[in-house]
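The block underneath contains the structure these notes are about, expressed in structure tokens.
The values are calculated or read from the model by the stated rules, or taken from the named source; none is laboratory data. Model, not experiment: these values are computed from the prediction. When we count neighbours, we look across all protein chains shown, and the Cβ atoms used for this are built from the backbone with ideal geometry, even at glycine. Surface accessibility is based on the protein's heavy atoms, side chains included, excluding ligands, DNA and RNA. Shrake-Rupley method; radii C 1.70, N 1.55, O 1.52, S 1.80 Å.
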Amino acid sequence: MVENQAKKLESMVRNHTNTKYVAVTSGKGGVGKSTISANLAYKLSKLGFKVGVFDADIGLANLDLIFGVKVDKNILHALKGEVKIDDVVYEIEKDLYLVPGDSGEQILKYASDNPNIIESCIQDSTILDTLDFLIIDTGAGIGELNQYTLKACEHIIVVTMPDPSAITDAYATIKLNASTKSQIFMIINMCKSQKEAMSVFDRMESITKKHIPNLTLKFLGGLENNTAVNKATRNRSLIVKSEPLNPVSIGLGEIAGVLASEITDMEHNMLFESKGFRSFFKRMLGYL
């Protein structure tokens with residue numbers, strides 16, 4: 001059944017040429033956002049999708065460490081013309097790519113000061129505009145630069161955990177993005193049980209329905225606390241690869257399937273259509 005679902009999703013998305021931009025964010029740091037971004041991207045690639053991951057976590061870009069790859073250039077080097085854009089699109093394995101970021105402020109400032117650079121730089125890519133998904137690992141919090149990134153994305157996943165301050169900050173992130181999104185996805189990480197995950201989500205959904213009635217929260221799944229996740233990160237490997245039968249790995253696989261299915265269903269009701277990496281960057285700059 002899972003295999004049939006994967007083939008169906010692959011066929012449906014590959015027949016649509018637009019890349020799906022999915023921001024993974026959180027209200028506060030330390031909730032496992034980057035680990036989820038990397039492992040979720042891997043699981044989507046194993047469903048048959050061509051997936052890129054853009055590390056947009058300002059000042060804390062670390063996806064290269066999580067993927068266990070060495071990078072010496074990032075997207076800012078490409079924008080400055082020091083290397084070709086495809087030189088900073090690192091192939092992790094088949095159908096999975098990493099685009100390392102730099103200081104988000106530096107990237108946007110340089111692009112703003114050189115408005116034609118996006119077109120001339122990115123048009124040379126043979127990879128970026130062929131992606132089915134681009135997972136964008138944003139910074140934590142409600143900072144202005146983060147909001148530019150979230151507004152430019154079609155879809156947002158808010159990651160939180162069963163901690164009062166994390167939940168409060170997650171709600172602030174959701175509230176800020178309600179004006180440009182009709183639906184926001186949620187993952188409850190580091191929970192004690194699936195029951196606790198659902199309890200956290202139910203509270204969030206109840207508050208959202210009361211105060212932001214135009215917004216729908218969609219529960220993608222809960223991931224239980226597991227020491228193997230930290231072990232994999234320390235070893236610079238993905239938990240879904242090092243321990244594929246771990247409950248967290250299985251949960252991330254289920255989340256990937258639900259996410260792909262939900263996004264496919266939403267395709268005809270987008271607030272805007274993306275046509276490639278250039279359009280994504282231009283949208284970001286447009287919010288400056």
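Inclusion of H155 among residues that are surrounded by fewer than 17 Cβ atoms within 10 Å (Cβ to Cβ) and either in contact with a His (Cβ under 9 Å, 6 or more places away or on another chain) or touching a residue at least 12 places away in the same chain (Cβ under 8 Å) (or both) is not warranted. Which of (1) in contact with a Ser or Thr (Cβ under 9 Å, 6 or more places away or on another chain); (2) surrounded by 20 or more Cβ atoms within 10 Å (Cβ to Cβ); (3) closer than 26 Å to L47 by Cα is the odd one out, the single condition K241 does not satisfy? Looking at each condition in turn, K241 falls short on (2). Within segment 125-140, residues that are over 13 Å from V99 (Cβ atoms) have Cβ atoms under 9 Å from residues that are crowded, with 21+ Cβ neighbours inside 10 Å and aromatic (F, W, Y) in these pairs: D132/F49, counting only partners at least 6 apart in sequence or on another chain. Residues of segment 43-55 include none that is polar (S, T, N, Q) and in contact with a Ser or Thr (Cβ under 8 Å, 6 or more places away or on another chain). Scanning segment 229-238 for residues that are part of a helix (DSSP H, G or I) and open to solvent by 10 Å² or more (accessible area, probe 1.4 Å) yields V229, N230, K231, T233, R234. Scan segment 33-55 and tell me whether some residue there is open to solvent by 10 Å² or more (accessible area, probe 1.4 Å), modelled with pLDDT under 90 and not small (G, A, S). No, segment 33-55 contains no residue that is open to solvent by 10 Å² or more (accessible area, probe 1.4 Å), modelled with pLDDT under 90 and not small (G, A, S).
Criterion applied to E205, E196 was being charged (D, E, K, R), under 18 Å from I156 (Cα atoms) and in a helix (DSSP H, G or I), and the one residue passing it is E205. Among the conditions (1) in a loop (DSSP other than H, G, I, E, B); (2) open to solvent by 60 Å² or more (accessible area, probe 1.4 Å); (3) farther than 22 Å from V53 by Cβ; (4) of a type in the set (V, I, T), the only one that T180 does not satisfy is (2).
For E262, the requirement of being surrounded by fewer than 18 Cβ atoms within 10 Å (Cβ to Cβ), assigned to a helix (DSSP H, G or I), charged (D, E, K, R) and at pLDDT 95 or above is not met.
Scan segment 200-215 and tell me whether some residue there is without any contact (Cβ under 8 Å) to a residue 12 or more places away in the chain and small (G, A, S). Show your work before the answer.
If we filter segment 200-215 for residues that are without any contact (Cβ under 8 Å) to a residue 12 or more places away in the chain, which is where we start, we get 202, 206, 209-210, 213.
Next cut, small (G, A, S) only: 206.
Checking segment 200-215: at least one residue is without any contact (Cβ under 8 Å) to a residue 12 or more places away in the chain and small (G, A, S).
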